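Comments concern the structure below.
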Amino acid sequence: MTILVARVKEFQRHPRLLALPAAAGLAIALAACGSSGSPSAKPTGAAHSHPHSAPVHAAKPSAQTPNPIPQGNSGDHDADNNGGPSDGDGNI
Amino acid sequence: MSARIWRRGRYALAVVAAAAAIAVTVVAFALPGPSPRGAFPVLHAAAAPAGWRHLGLPNGAAVLSYPPSLRPVAGDKDAVSAARLSRAGAFQLYLNATPRQGAERLRNWAAFRLRLLRSDDAVSAREVAAAQGLRFRGGTGSCVIDGYVTRIGAHHYDEIACLVQGRTSASVIVGAAPAAAWTRARPLLLRAVAAYLVG
C-alpha cells in the first residue's frame, strides 16, 4: 500500500509517466497490425470478386490419365519433367 | 489528501489496464490464424499494370502478361512461360500459358488438373479451392488452386491453374510458386491470371 501511494505521488509529480504504459500498449497494437502478413493481402489493383464465381467441391482422386509424360528430363523436356512447376499441357 | 491520491491512483491503474487490454485484444486479432480453406480468391479481369511484359501463344489464342521481375523460359513449342529463378536455378515464380490440348473442359477442370498432376508430375496433389464461371479478358474460365509434390526432387509447389475459353479457342494459364513462398507470391500470380487475355 505504501508503495502504491508512493507511485501515485510520483504520477502526480510527473503526469507524463501515465502516458508511458498507454503508449507502450498502443505501440504493441500498431506493430501487430503492421506485421500481419495475411494470405488475403492484395497488391495494388489486385483481383476483385466476380458475382458469377461459383465454388466447386474438392475433387475426388480418380484413375490416372493414360500416357503420362515420362519424368527425369524425358518426354517433352519441360521443367516439370525435372522437378519444376507443372505447365498447362494436357498430357498428350 | 490521501483519499484523493488513492482515487487518482485507481484512475491511473484503470487507464493502464485499459491500454493493456486493448493491446492484447488487437494482438490476438492480428496474429495469423488458420486460413479458411475452400474459398476461392476474388478475380477481376483487368489489363496488366504498366511495365509488365507480354508473351503471345504461337497459335494466337491468348496473351500471357508477366511482371518485369520474371524472364521468359523455355517450354513446349506451342506454349509460353516466364519465371523468376534463384541463383541456384530453383523456380521462385512461374507462369505458363498453353493451348488446350486434352479432354479438359470448363466443368471438369479442377478434377482434370489434379488427375493430370497425380498421373504426370506429382506424387501427390490436393485441391485448396476451385471456381467456375470466372470472367477473363475475352472469355470465361474455371480455376483451381492446389498444392502438389513433384516426383523429381519432391518439391512442394502451390499453383493456380485456369482453363479459359475464348471466342474461338481455349487455353490454360498456370501460376506457381514454391509452397513456402506461396503467400507472398499469390497476389502477383493472381494479378497475372487476372490480366490473361484470350481471343
Item to complete: Answer yes or no as to whether B:Q132 is within 7 Å of chain A (Cβ to nearest Cβ) and either on the phi > 0 side of the Ramachandran plot or surrounded by fewer than 20 Cβ atoms within 10 Å (Cβ to Cβ) (or both).
Response: no
Fill in: Residue that is surrounded by the fewest Cβ atoms within 10 Å (Cβ to Cβ) [pool: residues in segment B:187-199 that are more than 8 Å from chain A (Cβ to nearest Cβ) and over 16 Å from A:S86 (Cα atoms)]
B:G199
Practice prompt. Would you check which residues across segment B:150-186 are farther than 19 Å from B:V80 by Cα and buried (at least 18 other Cβ atoms within 10 Å of the Cβ) and list them?
Written response: B:T150, B:R151, B:H155, B:Y157, B:D158, B:P178, B:W182, B:A185, B:R186
Item to complete: Give the number of residues within segment B:101-114 that are within 7 Å of another protein chain (Cβ to nearest Cβ) and modelled with pLDDT of 95 or more.
Response: 3
Worksheet item: Which members of segment B:76-103 meet the condition of being surrounded by 15 or more Cβ atoms within 10 Å (Cβ to Cβ), over 18 Å from B:N59 (Cα atoms) and not hydrophobic (A, V, I, L, M, F, W, C)?
Response: B:R84, B:Q92, B:Y94
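The values are calculated or read from the model by the stated rules, or taken from the named source; none is laboratory data. Given the structure is predicted, the values throughout are model-derived calculations rather than measurements. Quick reminder, even Gly has a Cβ in these numbers, built from the backbone with ideal geometry, and neighbours come from all protein chains shown.
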